[in-house]
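What follows draws every value from the coordinates through simple rules; no lab data is involved. A quick note: this is a predicted structure, and the numbers were derived from the prediction, not measured. When we count neighbours, we look across all protein chains shown, and the Cβ atoms used for this are built from the backbone with ideal geometry, even at glycine.
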Amino acid sequence: MEQFLTIGMVVSGLFFGWTIGSHYTGATMGMAYGAGIIKKPLHACLLIAFFVILGATFESHNVVTTVGTGIIRGEDMTPLGAMVMMFTAALVTAANTWFKWPVSTSQLACFSVVGAALAMGAPVFWESTIVFLFATWIGTPILAAALGWLLTKLTDSVMAGRSAAAVKALEWGLLAACCYAAYTLGANNTGNAVGVFFGLKLMTPMKAGFVGGIIMAIGALTWGKPILEKVGKGIVQLDLNMGVGAKLGQSLTAHLAASLGYPTSMNQALIGGVFGAGTARGMQTLNRKALEEIVFSWFFTPALAGLISFLLYHLLSMLLHVH
């Protein structure tokens, strides 16, 4: 039975990684696609896949460690618990991708771990980890907004009166910033899916990151187009200068969080960066209806994931007679 549950956990973790890769195409490459710098969704997804693998392989180890052993003790992680955590997070992420609602997979993953841990009766590191995760999630859009404002102002100043050649160079700068966001996605979000592999001592953090990066890349390539279209052409309206400011604000914020080992939301960082860029111009840059959907999903879906994880663990534990 334990071997069966371990296989189920691995499959669930890979499923979650696949949904993460598909879900964040818009948050990484949406601006370059929406601005017409990248013409085809496939080309955008190929770039995402390449840079996600790099970020996941070389800089995801801190987040892998946090998700794998930082929320509950490694010795309290069981195959059934890990399977429930990952399957719940994957299912809720897939549902949000289906409805084209950008959501925080980091919050989903962490709340799924907490829900299953409470069902198992395992102690949760509230003060040493969860508090800092909440602080990261609150601070992410705020810091991204501040950076988005500052970098937009700086870009406006640098680009004032520049030639068409300089504008073309800035387009390449926006594309580079989007590639950086894809790299940051690998560093920041891979651990959400494969952290339990490390928690159960199946893989080292770097190997888990590499595997997670591959799966996320496949997710972007196979089901990344819907969110890419939604974010790139349906949520934000930015000019080139604002796009560079917003995208760098997002990526720098999420990269900082990943380097500290606290996974945060690429979508929330993006919204913060866009808001800051818009504030720098005194402009309304967000589609209000789309923004309301996103904010609702930020609060509703993590709570839903925690509840589902809690109930699903109890149900499977009873049916399989496994604790």
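Rounded to the nearest 20 Debye, what is the dipole magnitude of the range 2-320 about its Cα centre when Lys and Arg each give +1 and Asp and Glu each give -1 at the C-beta?
Working: 16 positive and 11 negative charges, 174 e Å.
Charge dipole, the range 2-320, about its Cα centre: 840 debye, nearest 20.
Loop-only check: which trypsin sites (Lys or Arg not before Pro) in the range 1-102 are DSSP coil with at most 12 other Cβ within 10 angstrom?
Working: sites: LYS39, ARG73, LYS100; in loops: LYS39, ARG73, LYS100.
Here the trypsin sites (Lys or Arg not before Pro) that fit, given the DSSP loop and packing criteria, are LYS39.
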Nonlocal amide H pairs with ILE38, under 5 Å, H built at 1.01 Å: TYR33
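Just order 153-161, 193-201 by mean Cβ neighbour count inside 10 Å, highest at the front, would you?
Numbers: 153-161: 13.1, 193-201: 27.1.
Order by mean packing, descending: 193-201, 153-161.
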Label-to-label distance, nm, for residues given as HIS321 and VAL131 (7 Å Cα→Cβ offset): 4.4
Per-peptide average of other Cβ atoms within 10 Å, ordering 262-273, 131-142 highest first: 262-273, 131-142
Rounded to whole Hz, the Karplus (6.51, -1.76, 1.60) HN-Hα couplings of the range 52-60, x for glycine and proline: 4, 4, 4, x, 5, 6, 9, 9, 9
Relative packing of peptides 306-316, 105-115 - highest average C-beta neighbours within 10 Å first: 105-115, 306-316
Overall Cα dimensions of the chain, principal axis frame, Å, largest first: 70, 32, 32
Where Rh is the Kirkwood radius over Cα pairs, Rg/Rh for the range 1-89: 1.10
